[in-house]
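> Quick one: structure below, then a few questions.
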Amino acid sequence: MDLGCGPGNSTAALRTHWPQAMVTGLDGSREMLAEAQRDHPQWRWIERDIQTFADQAEDFYDLVFSNAALHWLGDHAQLFPKLIQRVKTGGALAVQMPVARDHPAQQALQEAAATPAWSKYFRQPVRKHWRSQLPQEYYAILASCSPRMDIWQTTYFHLLNGLDDIVEWYRGSALRPYLAALPDESARQDFIAAYRLHLAKAYPPQPDGRLLFPFPRIFIIAYRGG
């Protein structure tokens, strides 16, 4: 089971590792699932949110997998034990999430939205904060239901050509609801320009003009005992 599968990219990667497996992708976006169904019609795709799956699922899986999706959901102390209950004995819950705390690109987005020129468009919260926690917190959450875990955190330093690459990085995720709240394309372009100014303070160019974009991620593999 691939939770938050989007258009099926991660699901396809899973299938390359286990070519004989029966794979299922789950996502709340009908548009993304339509793309997944078009590219991989032989696999099973379910339109449902992850929380509903955690609360109501009846099937069990050798692997419950999620790539960069669970950080959008709250109350991980309740969610993660429910997810590992959907794993067969000897199987695993495998999760990757970006690390939430103090990420400069996220802070730059919030700072731009809070300026007088833009705050009037964002009086209601337009996105959830990332909910990923510290590795030791996940150990405490899962220790009672998993006899063995691998947990690690890695910071990837992406080499980007400029600030526009950071904008594109977030255009389909964190930036998307901000742009959707604006009245027209002209306002969206102006907000992106304001966002770039805040990004420039956090990501100075290297001597060759390119940018180093640190992006930390946490990985969890929790095995289900008998």
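FYI, it's all coordinate maths here, none of it is from the lab. These figures come from a predicted structure and were not determined experimentally. In this analysis, Cβ positions are derived from the backbone assuming ideal geometry, glycine residues included, and neighbour counts consider all displayed protein chains.
> Choose one of 103, 135, 207: the residue whose Cα lies farthest towards the positive end of the charge dipole of the chain (beta-carbon charges +1 Lys, Arg; -1 Asp, Glu; about the Cα centre).
Result: 135.
> Let me ask something additional. If Lys and Arg each add +1 and Asp and Glu each add -1, what is the summed charge of the other residues whose beta carbon sits under 11 Å from the beta carbon of residue 90?
Surrounding charge for residue 90 is +2.
> Can you tell me, using C-alpha contacts under 8 Å and at least 6 residues apart, the relative contact order of the chain as a whole percent?
After rounding, I find 23 percent.
> Have a look at the range 149-201 and give its Rg and Dmax from the Cα atoms, expressed in angstrom.
Every Cα atom of the range 149-201 included, Rg and Dmax give 14.4, 49 Å.
> Moving to a separate point now. Viscosity 1.002 mPa s, temperature 20 °C: what is the translational diffusion coefficient of the chain from Stokes-Einstein with a Kirkwood Rh over Cα pairs, rounded to a whole number of µm²/s?
Once the numbers are plugged in, D ends up at 111 µm²/s.
> Can I ask one more? So if R0 is 35 Å, what FRET efficiency would residue 119 and residue 58 give, r being the distance between their Cβ atoms, rounded to the nearest 0.05?
Working from the Cβ atoms, E equals 0.15.
> Using the Cα gyration tensor of the range 37-168, with a ≥ b ≥ c the square roots of its eigenvalues, what is the shape: rounded (a/c below 1.5), prolate (a/b larger than b/c) or oblate (neither)?
Taking the square roots of the gyration eigenvalues as a ≥ b ≥ c, the range 37-168 is prolate.
> Under 10 Å, Cα contacts only: if you run a Gaussian network model on the chain, which one of 28, 91, 172 comes out with the highest mean-square fluctuation?
For the chain, modelled as a Gaussian network with Cα springs under 10 Å, the answer is 172.
> Pairing the Cα long axis of helix 185-202 with the longest principal axis of the chain, what angle in degrees results, from 0 to 90 and rounded to the nearest 10?
Rounded to the nearest ten degrees, it is 90.
> Which order do the peptides 147-159, 212-224 come out in when sorted by mean C-beta neighbours inside 10 angstrom, highest first?
For the peptides 147-159, 212-224, the packing ranking is 212-224, 147-159.
> Each label point is 7 Å from the Cα along the Cα-to-Cβ direction; what then is the distance between the points at residue 157 and residue 51, in nm?
Result: 3.9 nm between the two label points.
> Roughly what % of DSSP beta bridges within the chain run antiparallel, to the nearest 5?
Here the share of antiparallel DSSP bridges comes out near 60 percent.
> Ok, one more. In the range 118-226, with Lys and Arg counted as +1 and Asp and Glu as -1 at Cβ, which of these residues, 124, 193, 181, has the Cα nearest the positive end of the dipole, that is, farthest along it?
My answer, from the dipole projection, is 124.
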